[in-house]
Amino acid sequence: MGEHSLDDYLKFFEEANNTVIDNAVYEEVPLCEKSNVIQFGAAFLPAFYYTNFLLSLVGNGLVLCIIYKYEKLTTVNNIFLLNLVISDLIFAFSLPFWAVYHKSEWIFGSGLCKLVGSCYFIGFNSSILFLTLLTFDRYLAVVHAISAAQSRKKKYAFASSVIVWVLSILASIKDIVFYDVMDGPNGRLCEMTGYIPSTLTKWELIGYYQQFLFFFLVPLVMVLYCYSRITIRVMSTRMVEKCRAVKLIFVIVFTFFICWTPYNVVILLKAIKISFGDPNKCSEALDYALYITRNFAYLYCCISPVFYTFLGKKFQRHFLKLLAKRLPCLKINTLLSEPSSKSASVKSPTLITEHSRD
C-alpha cells in the first residue's frame, strides 16, 4: 500500500509540474491541435502578404504623388484622402513582417513585435474612420451645402483628422501593451502574452467587440444613413457631375465593406464562441475562416488606390499628365486635350467628390 501511494504521489506531482510549465510558457496557446491551420497559413500567407504590400505601396504612392504634384492640401476632401492613404500605408507596413513570421518564426525582437502588432489595428481603425469622415463630409456638402459651407474649412479637416488618429491609437493601446515575444513549441512567437489567461481572454473579447461595434457597425450605420440622404438629394437635383461623384464614393465605400464584412462577422463569431461556447471544444472552422476573410480584407489596401486613380474623372487627368511627363512616347497629350473643351463650362469633381468648393 505504501508503494501504491508513492506512485500516486509521483504521478500527481508530474501532472502538477506539467500544468505549471504549460501555464507559464504556453498559457495563450490553445489546447487544440492546429497544425493543419498553421501549415495552411505558412504555405499561403507569405506570398500573399508580399504581393499585397507591393501593390499597396505602388497604389498609395501614386495617390500621394498626384496629391503632391497637382492637388495639394487645399480642400477638406484632399486632407481626408491624404490621411486615408497614410492609414493604408501604416497597415501595409506590417505585412512583410507577418510574412516572415508565418513562414518560420518571429525574428524581429520584442519592440517590433509590439509596433507591428499595433500597426494593423491602427491602420484598420483609422481607415474606417477616415472613410466615414469622407462620406459624412460629402453628406454635408450635398445635403447641407449652404449651412455647412462656413464650417467645412481646413481647420475642421485637420481637427477631425487629429481626433481620428487619437481614437485609433487609444483603441490600439492594448495591443501595444499585450503583444510580446514568447517561446512556442516551434519557435519564437509574437502574440498576446505576459499575463494570466483570464486577463488575456478578457482583453481579447474587448478587442473583438470593440472592433465589431465601434469600428464596423457604427460606421456602417452612418454610411448607410448618409448615402440614403445623398441619394435622395441627387435624385431631386439631377446634376450629372454630382451624381457621378456620389457614385464614385459609393463604389469605394461599398467595396470597403464588402472586403471587411466577412472578417468582422468571423470576429463576432469568435467573440461569441469565447463568451458562451465550450472552451474545451476544438474547431478549426473559425480558424480557417479567420485566415481567409482576414486576408480578403487586406486586399482593400490595394483596391482603394485603384478606385481613386481610375474612377475619379479629375484624378484620371492628373494620372494621364503624370504619364505624359514620364512617357512622352505614348502621346497622351491628345487624350488630355479632348475633355478640355467639353469641361470648360462644367466643373468636374476633384479627386473623389469635389463638386463644391471647400
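Just so it is clear, none of the values below were taken in a lab; they were calculated from the coordinates. The structure presented is a predicted model; accordingly, all values stated were derived computationally and were not measured. All Cβ positions, glycine included, derive from the backbone under ideal geometry; neighbour counts span all protein chains shown.
Annotations
- Fully extended contour minus Cα-Cα distance, from residue 228 to residue 163, at 0.36 nm per residue: 20.8 nm
- Size of charge dipole - segment 33-312 - debye, nearest 20, with Cβ of Lys, Arg +1 and Asp, Glu -1, no other charges: 1280 debye
- Counting 0.36 nm for each residue step from residue 186 to residue 69 and taking away their Cα separation leaves a gain of 37.2 nm.
- Footprinting exposure proxy for 260, 203 (fewest neighbouring C-beta atoms within 10 Å first): 203, 260
- Size of segment 139-260: Rg and Dmax of its alpha carbons, in Å, are 20.8, 64.
- Segment 166-219, Cα convex hull volume normalised per residue, Å³: 88 Å³
- Projected label distance in nm at residue 296 and residue 251, using a 7 Å step from Cα toward the beta-carbon: 2.2 nm
- 3J(HN,Hα) from dihedral phi, segment 70-77, Karplus parametrisation 6.51/-1.76/1.60, rounded to Hz, x for glycine, proline: 10, 10, 6, 9, 9, 10, 4, 4
- Gain upon complete extension [residue 327, residue 276; 0.36 nm per residue less C-alpha separation]: 12.3 nm
- One equal scatterer on each Cα of segment 33-312, no solvent, Debye formula: the resulting log10 I(q)/I(0) at q = 0.07, 0.10, 0.16, 0.17 Å⁻¹ is -0.29, -0.57, -1.34, -1.48.
- Cβ-derived FRET efficiency at R0 22 Å, residue 108 paired with residue 201, nearest 0.05: 0.25
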